[in-house]
1. Rounded to whole Hz and in sequence order, give me ³J(HN,Hα) for region 376-389 from the Karplus expression 6.51 cos²θ - 1.76 cosθ + 1.60, θ = phi - 60°, writing x for Gly and Pro.
2. Who wins for biggest fluctuation among 289, 350, 121 in a Gaussian network model of the chain, springs between alpha carbons below 10 Å?
3. Taking every pair of alpha-carbon atoms in the chain, what share in percent sits in each 20 Å bin, from 0 to the bin with the longest distance?
4. Given a 1.4 Å probe, how much area per residue of region 220-275 is accessible, in Å²?
5. So how do 205-213, 334-342, 262-270 stack up, highest first, on mean other-Cβ count within 10 Å?
6. Name the lysines eligible as straight-distance cross-link partners of residue 177: C-alpha to C-alpha under 20 Å, and not fewer than 8 places from it in the same chain.
7. Carbon-plus-sulfur fraction of the accessible area of the chain, 1.4 Å probe, in percent?
8. Based solely on its DSSP helices, what 222 nm [θ] is calculated for the chain when runs of n ≥ 4 H residues each add -39,500 (n - 2.57) and the sum is averaged over all residues, nearest 500 deg cm²/dmol?
Amino acid sequence: MTIQSFVKALLLTTGVVVLCATGAAAIAQETPSEAEIDPDLADNGPIGRLSARLAYNSDTGGVAALGFSTNRLMGQDQTLEFNLRAEEDGTSASFRYNNDALFGSSPQFGLNVLHAQKDAGDIYDFDSRVTRLEPRLTWQLSPQSRFTAYGILADTDISNVPATTSALIRADEGRVKTTGIGGKYEHQFQPAQGGSLKRARVRFGLEYATSDADNDHIKLTTSAQSIHVLAQGRVVLRSQLRLGTLQSQSGTSSIGDRYMLGQASIRGFEFGGFGPRDLAVDGDPALGGNSYGVAKIDVQFPGAFGEAGRRVTPGLFVDVGSLWKLDDVAGGIAGADPVDDSARMRASIGVSLSIKTGIGPLKIHAAHPIASEDYDRTQTLGLELNATF
């Protein structure tokens, strides 16, 4: 992201924030609450909520979303959520249903459905479409831990792949149907009374999937997060560790299954900006990787600007990680040029600024990569705004 485009985005975002905050204030003053119109709603809440979301992210560009949710579908124990999302080079629709009482108190039944399609753009030079159905059962093992088992039914289509791109991407062109099962375990630690630790969570995931493209694979993921509050609330320390690997049991992994990372993992790099690339073809397309590891540390300073600047929180950060490993490294147009898929460390340091606006959080960061490769796609400045109405 160039400085000029960043400044334009920042000015546009500032204008949106001012206009929407002003409009929201006027609506709040002129519109009576639902509880004032119907006192019964004060106890039961609204039957459903309709929301609109505008966002800007320096990885994906502008995003517009529309959603509907209810937790009173045919009774108090069922929830439904539906979302539509549009961004610069794609659209998606998602549906989520939960029933806490279908099998009694446990397990809880849920169903996730996703349909997404993306057009060729800066990151991928092909079109893609995916439809995924995921029924699940969740057991609340304790107040702090739960386990979820789920099934996978997916239909993926990669099309309009250029003839001059990597042989590794052309091999993935076509429609693939996938089935599988998986499980996730999550545990939240109870902070000690009066201690600096305010929140800590670990997650583990295991997934097995098989496709009609003769690829069977196992995915293992784990993550750990913690938040410490120090110096009587003047310093907040956030740490995060994420690891994942895809191990093929037969066949080779596809670009639709492999991991692709960006500034959400290591700030200072574009989405798809690091990891294995095919340098022997035009555009040096990103190929993703079978394995990744990321560690992030953020130090924030609430109240650093005094009472007048209580909505603005500055910070410092360090991100370290890598993305590596392919099942097949025969790159180039004809498959005759080996791709380097080794684990090469990437790291960045930088400063951040979090601003609480009237319509949502605005996050800005400036990152400096201190460990990178010549062919990486870096991104010094990043901006993210989320506004929900």
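The values are calculated or read from the model by the stated rules, or taken from the named source; none is laboratory data. Because the structure is predicted, anything quoted here is derived from the model rather than measured. All Cβ positions, even for glycine, are placed from backbone atoms using ideal geometry, and neighbour counts span all protein chains on display. Side chains included, ligands, DNA and RNA excluded: accessible areas come from the protein's heavy atoms. Shrake-Rupley method; radii C 1.70, N 1.55, O 1.52, S 1.80 Å.
1. Per residue, the Karplus-derived 3J(HN,Hα) values read 5, 9, 9, 8, 5, 10, x, 9, 9, 10, 10, 10, 10, 10 Hz.
2. Comparing 289, 350, 121 in a Gaussian network model of the chain, the most mobile one is 121.
3. Over the chain, the share of Cα pairs per 20 Å bin runs 21, 57, 21, 1 percent.
4. Ligands and nucleic acids excluded, the result is 43 Å² per residue.
5. Listed from highest to lowest mean packing, they are 262-270, 205-213, 334-342.
6. Reachable lysines: 118, 219.
7. Heavy-atom surface of the chain belonging to carbon and sulfur, 1.4 Å probe: 58 percent.
8. That comes out to -3000 deg cm²/dmol.
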